[in-house]
1. GluC sites (Glu not before Pro), restricted to the range 312-381: which are DSSP loop and have at most 12 other Cβ atoms within 10 Å?
2. Report, in degrees rounded to the nearest 10, the 0 to 90 angle that the Cα long axis of helix 286-299 makes with the longest principal axis of the chain.
3. Is the range 173-224 best put as rounded, prolate or oblate by its Cα gyration tensor, with a ≥ b ≥ c the root eigenvalues, rounded for a/c under 1.5, and otherwise prolate when a/b is larger than b/c, oblate when not?
4. What is the distance, in nm, between label points placed 7 Å from the Cα along the Cα-to-Cβ direction at Lys169 and at Asp118?
5. From the Cα trace of the range 320-370, what convex hull volume per residue do you get, rounded to a whole Å³?
6. Quick one: length gained pulling Lys289 to Leu216 fully straight, 0.36 nm per residue minus the C-alpha distance?
7. R0 = 25 Å: FRET efficiency of Asp297 with Tyr342, Cβ-based, nearest 0.05?
8. At 7 Å along Cα-to-Cβ for each site, give me the label-to-label distance between Gln245 and Asp352 in nm.
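Nothing in this text is a laboratory measurement; each read-out follows from the coordinates by a stated rule. Just so we're clear, the structure is a prediction, and the values are computed from it rather than from any experiment. Positions of Cβ are backbone-derived with ideal geometry, glycine not excepted, and every protein chain shown enters the neighbour counts.
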Amino acid sequence: MKLTRRDFSVGMAATLAAPAFIKSAGAQGATIKIGMVLPVTGSAAEQGKFALNGAKLALEAVNKAGGVLGKQVELVTEDDQTTNPGVVLAFSKLAAQSDIVAFLGSIRSTQVHAMAPDVLKLGKPMAIGGTDPNLTHMGNKWLFRFRPNDSYSGSVIADYGTNTLGKKKWAVLHSTDAFGTAGGKALTEGLAKLGITPVIDQGYANQSQDFTPVVLAIKQSGADVLGSYFTFENDLGIFARQLRQLGVNIPWVGSPSIVGVSSTRLAGASLYGTYGVADYAEESSPVAKAYGKAYRDAYKLAPDNQSAWTYDAVNVLAKAMNTAKSTEPEKVRSAILAIKGYEGAEGQYNFDENGDGLHGYNIVKNEKGNIVFDKHIEAKR
């Protein structure tokens, strides 16, 4: 396996230079290349590292099992800088390499939206981690999602907070970017199906340092439960601390960022007792548990959803190409759409006609820093 890259920071270079992922230049023509756009710099850099780790772990397993079409698989990466211009530039660099047969997209919905027109123009499969439902419903047949979309998370958060926790007076909090706006809308729609209108629906700007006005608005609303969609885990960590400092201790059910490694580390005890929807939960299945062990053995830390979806995506792309006996885009696309009942680290993949592979979420609880699996809720479609 070989990892090639451009414009990566020196600090990340050491991570990428593991001998297991290096091949000589003379072997390049004998490999199957997959391009990966990810944040190496910018506010999502830590999540990008998890995403890269998951992809590397899958590539190692795929290559050990014989690779794709009898060839070893190579990952070619570009830094999207956690910005829209950055992701467009990163994808253009990868798209210019005609021997790249498929792609892993950015982990953020906003960045996926930015490069989606170029993906459509190129016409090659791209696995994505962005959860905005619109991404797979805007006529781009080359986007395949490896996380549940937020129409599912909204209904699952609403169901759990209302029917399991028994709360009715909802505060809905979300970022005002593509991800947060779609997530907030999905949650309010999920609540509407249960006959509930939120007592407050509050947006906030990414990279805020002071959430005091937001916290006070929630406190004064009389809400008895909070549902949230935070784009960046550092924002969530700051908000959680300020929420508790100002005396708001209502139950909180959040999107996957609430149980991310970065947010739980930053917020500490402020997130104890909270709940989250998690596409990856280590105790949710034998496959998830095996993946968790493999990740810990390889990297000496716990995995999260940003690593699990890229792990599954590489495995599914390899499976699709081997099934199709081809890297021709249309044949690979058809093979992906035909995948049903595939057990991955994130869950069971059943791709629909839109390119969504997962259709439910796990509910987990933060028990004094330990993320504990509660139940899986399959969303109604």
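1. Numbers: sites: Glu330, Glu343, Glu346, Glu353, Glu367, Glu378; in loops: Glu346, Glu353.
For GluC sites (Glu not before Pro) across the range 312-381 that sit outside H, G, I, E and B with at most 12 neighbouring Cβ atoms in 10 Å, the list reads Glu353.
2. 70
3. Values: a/c = 4.23, a/b = 1.24, b/c = 3.41.
Oblate is the answer for the range 173-224, as a/c is 1.5 or above yet b/c matches or exceeds a/b.
4. Distance between the two pseudo-spin positions: 4.9 nm.
5. Details: hull volume 5.3 nm³, N = 51.
Taking only Cα atoms, the range 320-370 has a hull volume of 103 Å³ per residue.
6. Working: separation 73, 0.36 × 73 = 26.28 nm, distance 4.04 nm.
Difference between extended and current length: 22.2 nm.
7. Details: r = 23 Å, r/R0 = 0.93.
Plugging the Cβ-Cβ distance into 1/(1 + (r/R0)^6) gives 0.60.
8. Output for this residue pair reads 4.2 nm.
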